[in-house]
Amino acid sequence: MTNVTDSKSEIQYLVNENTRKTDSEKTSAAFMNREVVEKVRHFHKSFPEYQVTPLHNLDELSQQFGLRHIWVKDESYRFGLNAFKVLGGSYAVGNYLAERLNVDISELSFEQLRSKEVKEKLGDITFVTATDGNHGRGIAWAANQLGQKSVVYLPKGSSEIRLTNICKEGAEVSITDLNYDDTVRLASQQAKENGWVLVQDTAWDGYEEIPTWIMEGYLTIIDEAMEQIADAYNERPTHVFLQAGVGSFAGSMLGYLVGKFGDERPMTVILEPDKADCLYQSMRVGDGKPHAVTGALDTIMAGLACGEPSKTSWGILKDYAEVFVSCPDYAASRGMRILANPLGNDPRIVSGESGAAVGIGFVSFVVQNSRLIDMKNALNLDQDSKILIISTEGDTDPDHYRKVVWDGAYPSF
Ligand SMILES: Cc1ncc(COP(=O)(O)O)c(C=O)c1O
């Protein structure tokens, strides 16, 4: 096997000593139960755009890496929006409207929600949110489909193409001169001042219901993936690698695994950019509380550029995630190139900076770099390992994607 010696390896990891116990005091993941999964899947299946997204099997890559399986669930196919986020946004908007209509979401289809009668009953609503791009596009799409308005704020440095794509969904959209967390505060303040509905994918004290619905909405991904792996391979993963911004996506996936498998669940590894590693840093402080990192959060992993953990997901991650990793940008760029240049008959996967890239990039370093042997051992990565990685976006910034994949930006050496 190639021995990769990256001279600038600054990948950091921490093993969480608090896991592998499903003791009754831990209730943080209790809301991710089967009943909720069924409700969410039922709702998403009512969308005309709904299709199970592909699960790719990277056979040749797993042999190269000395692993049994590498599966990549490809969310770039989700609803034609190139990212997974619409699952959370649409379910949260659906739940909010169901509450206003005084019915349970299980009794509503998306078709009913966009009917003339429902629109007349509800009147005009404006949904507002802050986003790196993907969540805002999902909210704008959902609002547009329902004949409602949306206002979307992006943080400083966001790419024009992400703004344009949100604009195409009919939203009023602007790039602020604030970082992500301050943009969230701006959206919240605008909601209060204008009587708009804040649909934010992160929770804080006093703002928990909508972010919880968003996390529930993401459950469709992992439920599909577990079905696909069981149906095609009669297996389940031993490891799940989850990238995190505020942690809602990772908390949702992990909450599901805890509910389904309990102590027998796969080992879960949380990956963040080192410029915005609030979960890793919170784990490092070790007082059980979430901690913020501040500053420009300038990583190429735009979707993960968040400095403050979501309150709800932090509870799940600190209780159940086994390993926290802080990764430099070159881990993501290497992962993008690996997936774009498949070995043998493996499929080509277009995965953006915040997609599967950081997971694959990280695994590639751990299995190929003898200096990272301690990490490999801590992760128990060997020829019996069956790993699942979720590619949460495609090339949502195509110019930057080509800079990385064609021109080799952010080299690993
Ligand atoms: C493509 C992509 N992957 C992962 C994430 C991380 O999700 P979360 O902020 O819930 O941790 C995001 C967030 O925007 C994203 O856009």
Note on segment 60-114: residues outside the structural domain of Asp223 (by TED's automatic domain parsing), surrounded by fewer than 22 Cβ atoms within 10 Å (Cβ to Cβ) and closer than 17 Å to Glu169 by Cβ are Phe110, Arg114
Which condition number does Ala357 fail, the rest of (1) out of contact with any Phe, Trp or Tyr (no Cβ under 9 Å at 6 or more places or on another chain); (2) more than 16 Å from the ligand (Cβ to nearest atom); (3) modelled with pLDDT under 95 being met? (2)
Can you spot a residue in segment 176-194 that is β-branched (Val, Ile, Thr), surrounded by fewer than 21 Cβ atoms within 10 Å (Cβ to Cβ) and free of Cβ contacts under 8 Å to residues at least 12 places away in the same chain? no
Please enumerate the residues belonging to segment 35-68 that are under 23 Å from Asn234 (Cα atoms) and in a loop (DSSP other than H, G, I, E, B). Gln51, Val52, Thr53, Pro54, Leu58, Gly66, Leu67, Arg68
Does segment 238-274 hold any residues that are charged (D, E, K, R) and either more than 16 Å from the ligand (Cβ to nearest atom) or over 18 Å from Pro290 (Cα atoms) (or both), and which are they? Lys260, Asp263, Glu264, Arg265
Going by the structure shown, is Glu75 within 13 Å of the ligand (Cβ to nearest atom) and either touching a helix residue (DSSP H, G or I) at 6+ places or on another chain (Cβ under 7 Å) or under 29 Å from Gly361 (Cβ atoms) (or both)? yes
How many residues, within segment 26-53, are hydroxyl-bearing (Ser, Thr, Tyr) and under 17 Å from Leu87 (Cα atoms)? 3
For Asp277, all conditions in the list (1) within 13 Å of the ligand (Cβ to nearest atom); (2) touching a helix residue (DSSP H, G or I) at 6+ places or on another chain (Cβ under 8 Å) hold save one; what is the number of the exception? (2)
Which pairs turn up if I take residues in segment 99-122 that are touching a residue at least 40 places away in the same chain (Cβ under 8 Å) and look for partners that are assigned to a helix (DSSP H, G or I) and among the polar types (S, T, N, Q) with beta carbon separation below 9 Å, at least 6 apart in sequence or on another chain? Ile105/Asn95; Phe110/Ser90; Phe110/Gln145
Can you tell me which residue among Glu227, Glu160, Glu209 is assigned by TED's automatic domain parsing to the domain that holds Val325 and of a type in the set (Asp, Glu)? Glu227
Would you be able to say whether some residue in segment 286-300 is modelled with pLDDT of 95 or more and within 10 Å of the ligand (Cβ to nearest atom)? no
Before we move on, is Ser391 over 21 Å from Lys73 (Cα atoms) and crowded, with 23+ Cβ neighbours inside 10 Å? no
Scan segment 354-374 residue by residue and report those that are surrounded by fewer than 21 Cβ atoms within 10 Å (Cβ to Cβ) and in a helix (DSSP H, G or I). Gln368, Ser370, Arg371, Leu372, Ile373, Asp374
Give just the number: which of (1) in contact (Cβ under 8 Å) with a residue 40 or more places away in the chain; (2) in contact with a helix residue (DSSP H, G or I) (Cβ under 7 Å, 6 or more places away or on another chain) does Gln64 not satisfy? (2)
Flag for Val350 being under 17 Å from the mean Cα position of the chain (by Cα) and surrounded by fewer than 23 Cβ atoms within 10 Å (Cβ to Cβ): yes
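The values are calculated or read from the model by the stated rules, or taken from the named source; none is laboratory data. Treat the numbers as computed from the prediction; the structure is a model and nothing was measured. Backbone-built Cβ (ideal geometry, glycine too); neighbour counts: all protein chains shown.
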